[in-house]
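Student: Following this message is one structure expressed as structure tokens.
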Amino acid sequence: MSTYAIIDTGGKQLRVEPGRFYDVRNFASLKPNISDPNKKILIYRVLLIRHESDINLGHPWLGDAMVKGRILHPCVENKITIRKIHSKKKTRRKSGYRQNLVRFVVDSICLNGKESINWKNCY
């Protein structure tokens, strides 16, 4: 697609396009019950918007831009296995860790109150 935005969420910067879904570690200001399915979200930390040949760059964020989306479901990342071995003492320890994620889909990207692109049914 020729329209995309770069947002700042979960400690990372993501390049998002309308109609695609993304996995995010944690939203900056979300409460525990925010991960309900079909919960509508607005992301105001938009760093850049590109619509066809127009590029709008923020310093650090665009003041009048937002990304509209909805949460699909909570999920977990692949397990990271941690092994600690002390060779001379014949001790081994194995543990694992799974990061909690939230999968959300981007419905539209808005700039100056106008939706630059709308994906199917936007609110």
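Student: Would you kindly state how much longer the chain becomes between Lys88 and Asn100 on full extension, computed as 0.36 nm times their sequence separation minus their alpha carbon distance, in nm to one decimal?
Tutor: Fully extending the segment from Lys88 to Asn100 adds 0.7 nm.
Student: Check which residues have an amide H placed less than 5 Å from Ile41's amide H, if you skip close sequence neighbours.
Tutor: Gly69, Arg70, Ile71
Student: Oh, and also: Normalised by the residues of the chain, what does the relative contact order come to in percent, with Cα pairs under 8 Å and at least six apart?
Tutor: 28
Student: Calculate what fraction, in whole %, of the accessible area of the range 38-102 sits on carbon and sulfur atoms when a 1.4 Å probe is rolled over the protein chains.
Tutor: After summing per-atom areas, the C and S share lands at 50 percent.
Student: Whole-Hz ³J(HN,Hα) for each residue in the range 38-44, computed from phi via Karplus 6.51 cos²θ - 1.76 cosθ + 1.60 with θ = phi - 60°, x for glycine and proline: what do you get?
Tutor: These are the phi-based 3J(HN,Hα) values: 6, 7, 7, 10, 10, 10, 9 Hz.
Student: A follow-up question, please. For the chain, give the magnitude of the charge dipole about the Cα centre (Cβ charges: +1 Lys/Arg, -1 Asp/Glu; no others), in debye to the nearest 20.
Tutor: I would put it at about 1620 debye.
Student: Reported to two decimal places, what Rg/Rh ratio describes the chain when computed on Cα atoms with Rh from the Kirkwood expression?
Tutor: 1.16
Student: Right, here's the next one. So with the 1.4 Å probe, I'd like the accessible area per residue for the chain, rounded to whole Å².
Tutor: Solvent-accessible surface per residue comes out at 70 Å².
Student: A follow-up question, please. Where does each of 78-89, 98-109 land if you order them by average Cβ count within 10 Å, highest first?
Tutor: Top of the packing list down: 98-109, 78-89.
Student: How many lysine pairs does the range 8-102 hold where the Cα atoms are under 26 Å apart and the two sit 8 or more places apart or on different chains?
Tutor: Close lysine pairs found across the range 8-102: 14.
The values are calculated or read from the model by the stated rules, or taken from the named source; none is laboratory data. Since this is a predicted model, take the numbers as computed values, not measurements. Neighbour counts run over all protein chains shown; Cβ positions are idealised from the backbone, glycine included. Side chains included, ligands, DNA and RNA excluded: accessible areas come from the protein's heavy atoms. Shrake-Rupley method; radii C 1.70, N 1.55, O 1.52, S 1.80 Å.
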